[in-house]
């Protein structure tokens, strides 16, 4: 029986095996791990798990009405966000131009996978960042208020309870709610710019008024339009929390500007292949090393090459910040890359309607 491979193919295979045997043991181990990882991915794609057919439950008359309200409100919200992103806004001069963060996590191929990226500024006086914050918060709130709990994503039909309070009284009120219904009870809190607080709960509480979910959304949307310019002004707590622990850990940061294209060339020259990426919110570089210490040394060398007097600082987390968690809500539409615009002087710039959102 004839061999399916020609003599030239067999010679190429023999040469490849000889080159592989000549590699150091550590490199051979990494290549074998990569091959096994790719084989598992191919097997999973060719042989998907045998699952039964998904059965969509038949909606009741009440659920059909709630689903119509939800579809109408979500369409209105999407239309509003699209209109906001069609408007050209000027970024703050420091938006996306200063500082870089270094995150890392264990790699499936062995060693440590690192990302060096530069986020947007997130400043109160940056119209673009505040527009993104407004759209993201509105979509998170709409998903929480209009969709029920569980994996079926059925519309919420049970009434929700609204309560108005002040920022000074909110901690005591939250403790009272947790004592009455437990810490897992779903609740939503919106701090307005005037110091008032809107609280939405899934369980009744003395003084709270019940409303249908589609009516609650109109009230919550109006409150988010007056969102206070501070961190965590909007929170989902208890079973309504949409925070997911991320596998990335913040290692170090620098306040100096990092050119990622030059950093990629430096990393490639050291034998670590880097990959550039860019999204609407951040841009950066991903690379893989054998150890965390090696990754830290590379980042320090990159910063030192561009800024000889600069140094990176170790990060000591004091709480669960935004870098340690992610949100499950659908992201806002990605706007097109705006052409560079000369930022006017402060006395010539009109305040943005989203500056305090």
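Couple of notes before you dig in:
- The label-point distance for residue 248 and residue 167, in a model that sets each label 7 Å from Cα toward Cβ, rounds to 3.0 nm.
- Where the alpha-carbon atoms of the range 162-265 are placed on the principal axes, they occupy 62, 28, 28 Å, in descending order.
- Label point distance in nm, residue 18-residue 80, each placed 7 Å from Cα along Cα→Cβ: 7.0
- Computed over the range 96-199, relative contact order equals 15 percent, with contacts defined as Cα pairs under 8 Å that lie 6+ residues apart.
- Shown here is the pair-distance distribution of the range 1-155: with all Cα-Cα distances grouped in 5 Å bins from zero up to the longest one, the shares run 1, 6, 8, 8, 8, 9, 10, 11, 11, 8, 6, 6, 5, 2, 0, 0 percent.
- Residues in the range 86-108 reached by a label modelled at residue 278 [backbone nitrogen below 15 Å; 7 Å Cα→Cβ]: 96-97
Read the figures in this text as sums done on the coordinates, not as results from a lab. Note that the coordinates shown come from a computational prediction; the quantities given were computed from them, not determined experimentally. Counting neighbours? That spans all protein chains shown, and the Cβs are built from the backbone with ideal geometry, glycine included.
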